[in-house]
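The values are calculated or read from the model by the stated rules, or taken from the named source; none is laboratory data. All values reported here derive from a predicted model rather than from experimental measurement. FYI the Cβ positions are ideal-geometry reconstructions off the backbone, even for glycines, and counts take in every protein chain you see. Please note that ligands, DNA and RNA were not included when accessible areas were found on the heavy atoms of the full protein model with its side chains. Shrake-Rupley method; radii C 1.70, N 1.55, O 1.52, S 1.80 Å.
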Amino acid sequence: MEKYSGRCKCEKITFKIKGEPKWKVNCNCNWCQTTSGGAFRSFVLFNEEDIEYQSEMPTFYKDTKTDHGRPMSNIFCSTCGTIIGIKVHSMEQQHFSIGILDQRKNININCNIWGEEALQFVNYSKNSEVYKKGYWNDTGEKMKIEND
Ligand SMILES: [Zn+2]
Ligand SMILES: [Zn+2]
């Protein structure tokens, strides 16, 4: 039974997901900025075994020369350009862009990574955690934020 679903704008790519998110995070790294065209990316991560594409697979652009050394793919629809998410090849999960999930209005994200690369106008919501660099499984140095 699927819990989450999503699609690109032209609906060439559609998928369903049966598990719960493994992590939810906003990433402010340079790679996410330059490959998305936005200030940061908001991700919901699911285990790959929980994801079922009901269409053809999206396009993967694999970048082996990323700033932080891990090969990563930008995943998108080759027809309408909707960014489906990214794949960090050293991880078992897939990062979905929050905006393509049908359930996005019900999802909150209060974890932020790569704060040291964030653009100057980025504000963090109350009760947010901001990590200086990347982190996974509760490790990493937190940054102080002023948002009250
Ligand atoms: Zn599309
Ligand atoms: Zn990033």
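Values for this structure:
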{"quantity": "Residue among 134, 69, 19 with the largest mean-square fluctuation in a Gaussian network model of the chain, springs linking Cα atoms under 10 Å", "calculated": "69"}
{"quantity": "Kirkwood hydrodynamic radius of the chain, Cα pairs, Å", "calculated": "15.8 Å"}
{"quantity": "Rounded to 5, percent antiparallel among DSSP beta bridges of the chain", "calculated": "90 percent"}
{"quantity": "For the range 59-87 and the range 105-136, distance of Cα centres in Å", "calculated": "21 Å"}
{"quantity": "Rounded to the nearest 10 Å², the accessible area of residue 32 at probe 1.4 Å", "calculated": "0 Å²"}
{"quantity": "Proximal aspartates and glutamates to residue 126, defined as alpha-carbon separation beneath 19 angstrom and excluding residues fewer than eight positions away on the same chain", "calculated": "116, 141, 146, 148"}
{"quantity": "Helical mean residue ellipticity (222 nm; -39500 (n - 2.57) per DSSP H run of 4+; nearest 500) of the chain", "calculated": "-1000 deg cm²/dmol"}
{"quantity": "For the range 77-89, Karplus couplings with θ = phi - 60° (6.51, -1.76, 1.60), whole Hz, Gly/Pro x", "calculated": "8, 6, 8, 9, x, 4, 8, 6, x, 9, 10, 8, 5"}
{"quantity": "Largest to smallest accessible area among 14, 139, 59 [probe 1.4 Å]", "calculated": "139, 59, 14"}
{"quantity": "Longest DSSP-loop-exposure-free segment, trypsin sites (Lys or Arg not before Pro), the chain, at most 13 other Cβ within 10 Å", "calculated": "66-125"}
{"quantity": "Under DSSP loop assignment and at most 14 Cβ neighbours within 10 Å, longest GluC sites (Glu not before Pro)-free interval of the chain", "calculated": "93-140"}
{"quantity": "The range 4-120: Lys pairs at Cα distance under 24 angstrom, eight or more positions apart or on different chains", "calculated": "23"}
{"quantity": "Length-normalised contact order of the range 4-148 in % [C-alpha pairs under 8 Å, at least 6 apart]", "calculated": "23 percent"}
{"quantity": "Distant-in-sequence amide H partners of residue 111 (H built 1.01 Å from N, under 5 Å)", "calculated": "26, 129"}
